[in-house]
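Report on one structure; see the data block that follows.
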Amino acid sequence: MANPIVHFEIPADDVARAKAFYEKVFGWTIKQFPMPPGGPEYWGVTTRQKGEDGIDGGLMKRNMPGQPFANYVSVKSIEEFQNRIQSNGGQIIMPKQEIAPGMGWIAVFKDPEGNMMGLHQAPASMPKKAAAKKPAAKKAAKKKKRR
């Protein structure tokens, strides 16, 4: 099906308390996620084993009072969906912004009922030529070491 929910975020006033709660109650694995220097702290939440149904998400310090739990819907073009949202009575709360290099972009909207939801646009995959060069470079480096 098109446009599945691919990620969730849990905001917390006390991240350590929330982390302990979700780990103890559901058995989820929650580990700090490496972020760019100066960026906010973020914890990755793993809710399933690889290959099992479900989605994983994140845990973060609450940015504003009343910040709700958020789901992110995968879309090919945030711009296209922002236009659809506004044309159908929704409101853009946070315009498109890059998450971190190579991680894609997000935006947040409010539906006509006042519910907030996120959009996620994945980055374009690496060109095949560039991807093919990496293993060749590794092989050349190994050959140098042997000499």
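The values are calculated or read from the model by the stated rules, or taken from the named source; none is laboratory data. All of these numbers come straight from a predicted model, not from anything done at the bench. Positions of Cβ are backbone-derived with ideal geometry, glycine not excepted, and every protein chain shown enters the neighbour counts.
Can you find even one residue in the range 55-69 that is more than 26 Å from W28 (Cα to Cα) and either in contact with a helix residue (DSSP H, G or I) (Cβ under 8 Å, 6 or more places away or on another chain) or at pLDDT 90 or above (or both)? Looking through the range 55-69, none of the residues is more than 26 Å from W28 (Cα to Cα) and either in contact with a helix residue (DSSP H, G or I) (Cβ under 8 Å, 6 or more places away or on another chain) or at pLDDT 90 or above (or both). If you go through the range 1-24 and keep only what is in contact (Cβ under 8 Å) with a residue 12 or more places away in the chain and part of a helix (DSSP H, G or I), you end up with V15, A18, K19, Y22. The set of residues in the range 75-115 being touching a strand residue (DSSP E or B) at 6+ places or on another chain (Cβ under 8 Å), outside any loop (DSSP other than H, G, I, E, B) and more than 24 Å from F33 (Cα to Cα) consists of I78, E79, F81, Q82, I85, Q86, Q91, I92, I93, F109, K110.
Condition (residue is within 16 Å of G118 (Cβ to Cβ), in contact with a helix residue (DSSP H, G or I) (Cβ under 6 Å, 6 or more places away or on another chain) and of a type in the set (V, I, T)) applied to the range 19-35: is it met by at least one residue? Checking the range 19-35: not a single residue is within 16 Å of G118 (Cβ to Cβ), in contact with a helix residue (DSSP H, G or I) (Cβ under 6 Å, 6 or more places away or on another chain) and of a type in the set (V, I, T). None of K96, K76 is modelled with pLDDT of 90 or more and either touching a helix residue (DSSP H, G or I) at 6+ places or on another chain (Cβ under 8 Å) or within 24 Å of A12 (Cβ to Cβ) (or both) except K96. Output the residue which, of all residues in the range 25-34 that are part of a loop (DSSP other than H, G, I, E, B) and not hydrophobic (A, V, I, L, M, F, W, C), is farthest from A100 (Cα to Cα). Residue satisfying both the conditions and the ranking: G27.
Taken together, the residues in the range 35-45 that are touching a Lys or Arg at 6+ places or on another chain (Cβ under 8 Å) and either surrounded by 10 or more Cβ atoms within 10 Å (Cβ to Cβ) or outside any loop (DSSP other than H, G, I, E, B) (or both) amount to 3. For the residues K134, K143, K129, the requirement of being farther than 16 Å from G57 by Cα, at pLDDT below 75, part of a helix (DSSP H, G or I) and over 27 Å from the mean Cα position of the chain (by Cα) singles out K143.
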